[in-house]
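Chemist: Pasting in a structure now, in structure tokens, and then I'll have a few things to ask.
The values are calculated or read from the model by the stated rules, or taken from the named source; none is laboratory data. Note that the structure is a prediction, hence the values are computed from the model and not measured. FYI the Cβ positions are ideal-geometry reconstructions off the backbone, even for glycines, and counts take in every protein chain you see. What goes into the accessible areas is simple: the full protein's heavy atoms, side chains included, and nothing from ligands, DNA or RNA. Shrake-Rupley method; radii C 1.70, N 1.55, O 1.52, S 1.80 Å.
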Amino acid sequence: MSIRPEVPRLLEGKVVMVCGVGPDLGRSMAVRCAQAGADVVLAARTESRLEGVATEVEALGRTALSVPADLADAASRSELVRRSLARFGKVDGLINSAFVQPPQERLLDTDLDAIRGWTDVNVLASVGLVQLLAETLSENNGSVVLVNSMVLRNQLPGFGAYRMDKAALLAAARSLSVELGPSGVRVNSVAPGYIWGHKVRRAFERQAAAHGTAPESVYEEVAAGTDLRRLPTTDEIADAAVFLTSDMASGISGQCLDVNCGHTHH
């Protein structure tokens with residue numbers, strides 16, 4: 001695939017909080033927001049990872065604030081928002097891609113206490129962040145983008161707990177859109193499927209080794225199920241989030257945009 005073009009300056013003058021900054025999608029979210037003109041708050045549990053992405057953001061001429069945070073912890077969320085407002089005075093957008101992947105097993109066999117722990121990260125952390133940011137988002141006609149999953153649409157077995165969390169996250173986004181809409185705040189979701197990055201690449205390599213084949217064969221088999229015969233990159237998912245965060249999407253709220261190269265239709 002050719003290199004993605006630079007993002008238009010859709011977020012000029014905005015401050016965007018990007019949560020769940022990992023080596024793949026979270027990093028792309030932050031960097032593409034910076035390319036679009038935003039100053040960026042970076043949140044994740046691993047401080048060293050935040051520092052690396054902050055360097056990339058600042059190399060683009062934007063300001064980055066790195067805040068190590070456990071989004072499942074209420075005090076940590078509060079400190080994240082406090083530091084963000086102290087540094088920038090506002091937050092115009094929230095993009096949350098933080099999640100935990102439950103083990104692939106039958107929902108019938110899954111421990112309920114374990115589900116409660118995963119839900120804290122996959123659902124309640126997003127709701128808690130929006131609660132804390134509601135005032136500043138309302139003051140700035142802000143936008144929220146929550147990262148969901150293609151698991152909403154497919155019937156793959158072994159994803160019961162994860163599918164349940166993502167369905168709840170979708171319902172939360174819709175409810176927040178209803179509640180914050182009168183204040184001018186838009187709330188949307190982006191639902192990727194396979195995302196071509198380090199994590200999926202390593203997974204395909206493991207599958208290939210287990211079956212005595214090449215990773216390229218695994219990729220081709222999965223990609224054959226998409227309309228475009230390929231998997232979306234992290235930047236392609238990030239660009240959808242940048243669009244929804246921007247004023248170009250000013251009439252869009254309560255929606256879920258699937259970005260999966262046509263792996264499912266909705």
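Chemist: Apply 1/(1 + (r/R0)^6) to the Cβ-Cβ distance of Gln207 and Val100, taking R0 = 22 Å, and write down the FRET efficiency to the nearest 0.05.
Modeler: So the FRET efficiency works out to roughly 0.50.
Chemist: Moving on. Rank Val178, Leu108, Gly197 by how far each Cα sits towards the positive end of the charge dipole of segment 108-200 (+1 on Lys, Arg Cβ; -1 on Asp, Glu Cβ) and give me just the farthest.
Modeler: Result: Gly197.
Chemist: Here's another thing I want to ask about it. Where Lys and Arg each count +1 and Asp and Glu each count -1, what net charge lies around Arg186 among other residues with Cβ under 14 Å from its Cβ? Please report the intermediate quantities before stating the final value.
Modeler: Numbers: positive: Lys14, Arg174; negative: Asp92, Glu179, Asp247.
That sum, taken over residues with Cβ under 14 Å, equals -1.
Chemist: I need the shape label for segment 70-203. Rule: rounded when a/c is under 1.5, else prolate if a/b > b/c, else oblate, with a, b, c from the alpha carbon gyration tensor. Display every interim value, and only then the final one.
Modeler: Numbers: a/c = 1.91, a/b = 1.79, b/c = 1.07.
Prolate, since a/c reaches 1.5 and a/b exceeds b/c.
Chemist: Rounded to two decimals, what is Rg over Rh for the chain when you use alpha-carbon atoms and the Kirkwood radius?
Modeler: 0.96
Chemist: Mind giving me the FRET efficiency for Glu179 and Ala224? R0 is 51 Å, r the Cβ-Cβ distance, nearest 0.05 is fine. List each step's numbers first, then the result.
Modeler: Working: r = 42 Å, r/R0 = 0.82.
About 0.75, to the nearest 0.05.
Chemist: Another one. Taking springs between alpha-carbon atoms closer than 10 angstrom, which of Leu60, Leu133, Leu80 fluctuates most in the Gaussian network model of the chain?
Modeler: Highest fluctuation among the options: Leu60.
Chemist: Counting trypsin sites (Lys or Arg not before Pro) as exposed when in a DSSP loop with at most 11 other beta carbons within 10 Å, what is the longest stretch of the chain free of them? Write down the numbers at each step before the final one.
Modeler: On the way: sites that count: Arg106, Arg229.
Counting at most 11 other Cβ atoms within 10 Å as exposed, the longest clean stretch of the chain is 107-228.
Chemist: Work through the residues other than Leu146 whose Cβ is under 13 Å from its Cβ and net out their charges, Lys, Arg +1 and Asp, Glu -1. Don't jump to the answer; show the numbers that get you there.
Modeler: Values: positive: Lys166, Arg174, Arg186; negative: Asp165.
So the environment of Leu146 carries a net charge of +2.
Chemist: I would also like to ask the following. Under a point spin-label approximation (7 Å from Cα along Cα-to-Cβ), what is the Leu107-Arg153 distance to one decimal in nm?
Modeler: Those two pseudo-labels are separated by 2.0 nm.
Chemist: Something else now. How much FRET efficiency would the formula 1/(1 + (r/R0)^6) give for Ser138 and Arg4, where r is the Cβ-Cβ distance and R0 is 41 Å, rounded to 0.05?
Modeler: For Ser138 and Arg4, the calculated efficiency is 0.80.
Chemist: Also: So what's the angle, to the nearest 10 degrees on a 0 to 90 scale, between helix 74-88 and the longest Cα principal axis of the chain?
Modeler: Relative to the chain, helix 74-88 is tipped by roughly 50 degrees.
Chemist: State the extension gain, in nm to one decimal, for the chain segment bounded by Glu12 and Arg87, taking 0.36 nm per residue of separation less the distance between their alpha-carbons. Don't jump to the answer; show the numbers that get you there.
Modeler: Values: separation 75, 0.36 × 75 = 27.00 nm, distance 1.75 nm.
Difference between extended and current length: 25.3 nm.
Chemist: From the alpha carbon gyration tensor of segment 104-168, can you work out the equivalent ellipsoid semi-axes (sqrt of 5 times each eigenvalue) and give them in Å, largest to smallest? Don't skip to the end; give the middle numbers.
Modeler: Working: eigenvalues 170, 40, 5 Å².
Calculated on Cα positions only, the semi-axes equal 29, 14, 5 Å.
Chemist: Excluding Arg49 itself, what net charge comes from residues whose Cβ is under 13 Å from its Cβ, given Lys and Arg +1 and Asp and Glu -1? Don't jump to the answer; show the numbers that get you there.
Modeler: On the way: positive: Arg27, Arg45; negative: Asp24, Glu47, Glu51, Glu56.
Local net charge: -2.
Chemist: Okay, moving on. If the chain between Val127 and Ala214 were fully stretched, how many nm would it gain, using 0.36 nm times the residue separation less the Cα-Cα distance? Don't skip to the answer; put the middle values down first.
Modeler: Details: separation 87, 0.36 × 87 = 31.32 nm, distance 4.18 nm.
Here the segment from Val127 to Ala214 would lengthen by 27.1 nm.
Chemist: Using alpha carbons only, how many angstrom separate the centre of segment 203-266 from the centre of segment 1-24?
Modeler: 17 Å
Chemist: Same structure again: If you rank Thr233, Thr55 by how much accessible surface each has, with a 1.4 Å probe, what is the order from largest down?
Modeler: Details: Thr233 30, Thr55 90 Å².
Per-residue accessible area, sorted high to low, gives Thr55, Thr233.
Chemist: Would you work out the charge dipole size for segment 13-110 about its Cα centre, treating the Cβ of every Lys and Arg as +1 and the Cβ of every Asp and Glu as -1, and quote it to the nearest 20 debye? Walk me through the intermediate numbers first.
Modeler: Values: 12 positive and 12 negative charges, 70 e Å.
In debye, rounded to 20, segment 13-110 gives about 340.
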